[in-house]
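Structure, as structure tokens:
The values are calculated or read from the model by the stated rules, or taken from the named source; none is laboratory data. Because the structure is predicted, anything quoted here is derived from the model rather than measured. FYI the Cβ positions are ideal-geometry reconstructions off the backbone, even for glycines, and counts take in every protein chain you see. Just the protein is used for accessible areas: all its heavy atoms, side chains included, with ligands, DNA and RNA removed. Shrake-Rupley method; radii C 1.70, N 1.55, O 1.52, S 1.80 Å.
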Amino acid sequence: MLASVLGLFSQDLAVDLGTSNTRVQLRTSPLVADEPTVVAVHTDRAGRRRITAFGSEARPMLGRTPDDLSAIQPIRAGRVVDFEVTEALLLHLVRRIHGRSAWIRPRMVVAVPHHASDMEVRAVRDSCESAGAREVRLVPRPIAAGLGAGLPIHEPSGTLVVDVGGGATEVSILSLSGVVASAVVPGGGEGMDEAIVSMLEEDRSLLVGRPSAERLKIELGTAAFPETDRTATVKGRCRVAGIPRSELISARDVHRALRPHVDAIAEAVRRVVDAAPPEIGADIVDQGVVLTGGGAKLRDLDRALRERTGLPVVCAEAPEHAVITGVWRVLEDPDLYRAAS
Ligand SMILES: Nc1ncnc2c1ncn2[C@@H]1O[C@H](COP(=O)(O)OP(=O)(O)OP(=O)(O)O)[C@@H](O)[C@H]1O
Ligand SMILES: [Mg+2]
């Protein structure tokens, strides 16, 4: 009786701790809480750290903080690099969802990188427990992405998922609820932003921050060569004169910066298909490739990968929510994924 009452009140959670965005979904709700994975930390003279802002409130602080304040991204390339801050972020999200009811101890299902080490897995588990979880289950991210994109991951047939995240692009072939072959392309969407920053510095002697580069990517970026050349203005600081100035940037400029990333993703897809057993390779030729992750929204990425690999490629619906949707499905029905160990 007590257990069922507790079960009724405990709001079980699905969690996707991403490099750029942290997503949390209640078992009982279709809504996804989506916050940038950024935490502002104040360090006093004694070196004590105090958290002053989270998520969308902390993100504008990136690159704009005074000496005693830092805007920290505790996950890099999909991996937890600052456990204390990750735990604080999780606690913040859980509290925001549950209100002040600290006594509610939810079950949590969390996506973890396929190649996560035992130490990383333990750290994610510990962070969730410190944030109040009474039980933690982990799902490999590619499995979650496949489930969330509606792929038949349980069947004895290969399906290929390309998750273009903020910190990395993970290419994975799934079959029989497992990962058969995989490759990671470093950089992800944030790497694309950095490529735009470098292009502006080298070609225009213009210094801009990553958020401005991301805006250009979203506004003008294309994975395939843009037939019509649109433009946008970007503000920055002249590397030579040191003064602020703005420049008109074209979609073709941005495409030039992004192209090596698109090539690297296509190359990884080819490599993974080549490394898979022949039967699985044949399945992929039939079933094709599904794109997930926020980076999959880059214009024409599906077309560019189709042209480079010769495989059918489609973008998942709401690709940025594929992983959290998959994790949520496991929360709802634990039989959908059971870890081998
Ligand atoms: N319309 C768009 N065009 C291109 N890129 C986009 C678009 N919308 C979002 N992105 C990029 O998607 C990336 C974030 O994707 P996502 O939220 O899936 O990453 P994440 O899950 O936090 O990271 P990771 O899975 O690597 O840990 C960012 O780099 C963002 O700039
Ligand atoms: Mg992700």
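Laid out as a table, the results:
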read-out: Looking only at segment 277-298, and only at residues there that are in contact with a helix residue (DSSP H, G or I) (Cβ under 7 Å, 6 or more places away or on another chain) and more than 16 Å from ligand 2 (Cβ to nearest atom), the one that is farthest from A33 (Cα to Cα); value: G281
read-out: All positions within segment 209-253 that are more than 16 Å from ligand 2 (Cβ to nearest atom) and under 14 Å from E190 (Cα atoms); value: G209, R210, P211, S212, A213, R215, L216, K217, I218, G221
read-out: Sole residue being open to solvent by 50 Å² or more (accessible area, probe 1.4 Å), of a type in the set (S, T, N, Q) and in the same structural domain as L216 (by TED's automatic domain parsing), chosen from S246, S250; value: S246
read-out: Residue check, A276 within 13 Å of ligand 1 (Cβ to nearest atom) and either at pLDDT 95 or above or buried (at least 18 other Cβ atoms within 10 Å of the Cβ) (or both); value: no
read-out: Subset of segment 50-75 that is in a strand (DSSP E or B) and touching a His at 6+ places or on another chain (Cβ under 7 Å) - its residue that is farthest from V112 (Cα to Cα); value: L69
read-out: Pairs with Cβ under 6 Å, 6+ apart, first in segment 143-164 and touching a residue at least 12 places away in the same chain (Cβ under 8 Å), second of a type in the set (G, A, S) and more than 16 Å from ligand 1 (Cβ to nearest atom); value: I153/S177; H154/S177; G158/S175
read-out: Top-ranked residue of segment 312-323 - restricted to ones that are touching a helix residue (DSSP H, G or I) at 6+ places or on another chain (Cβ under 6 Å) and not in a strand (DSSP E or B), ranked as farthest from ligand 1 (Cβ to nearest atom); value: A316
read-out: Matching option when the condition is open to solvent by 10 Å² or more (accessible area, probe 1.4 Å), within 14 Å of ligand 1 (Cβ to nearest atom) and not assigned by TED's automatic domain parsing to the domain that holds V273, among E120, E87; value: E120
read-out: Qualifying position, being within 16 Å of ligand 2 (Cβ to nearest atom) and on the phi < 0 side of the Ramachandran plot, among L301, L305; value: L301
read-out: Residue within segment 44-54 that is open to solvent by 20 Å² or more (accessible area, probe 1.4 Å), of a type in the set (S, T, Y) and under 17 Å from the mean Cα position of the chain (by Cα) present; value: no
read-out: Residue among I284, I218 that alone is of a type outside the set (K, R) and open to solvent by 80 Å² or more (accessible area, probe 1.4 Å); value: I218
read-out: Some residue of segment 183-190 being more than 24 Å from P36 (Cβ to Cβ) and either in a helix (DSSP H, G or I) or at pLDDT below 95 (or both); value: no
read-out: Residue check for V197: open to solvent by 10 Å² or more (accessible area, probe 1.4 Å), outside the structural domain of A275 (by TED's automatic domain parsing) and in a loop (DSSP other than H, G, I, E, B); value: no
read-out: Filter result for R79 (within 24 Å of V180 (Cβ to Cβ), open to solvent by 50 Å² or more (accessible area, probe 1.4 Å) and at pLDDT below 90); value: yes
read-out: Residues of segment 156-182 that turn out to be open to solvent by 10 Å² or more (accessible area, probe 1.4 Å), on the phi < 0 side of the Ramachandran plot and away from ligand 2 (no atom under 16 Å from the Cβ), as a count; value: 6
read-out: Count of residues meeting criterion [open to solvent by 50 Å² or more (accessible area, probe 1.4 Å) and touching a residue at least 60 places away in the same chain (Cβ under 8 Å)] in segment 303-316; value: 2
read-out: Those residues of segment 152-191 which are among the polar types (S, T, N, Q) and farther than 16 Å from P260 by Cα, in sequence order; value: S157, T159, S172, S175, S177, S182
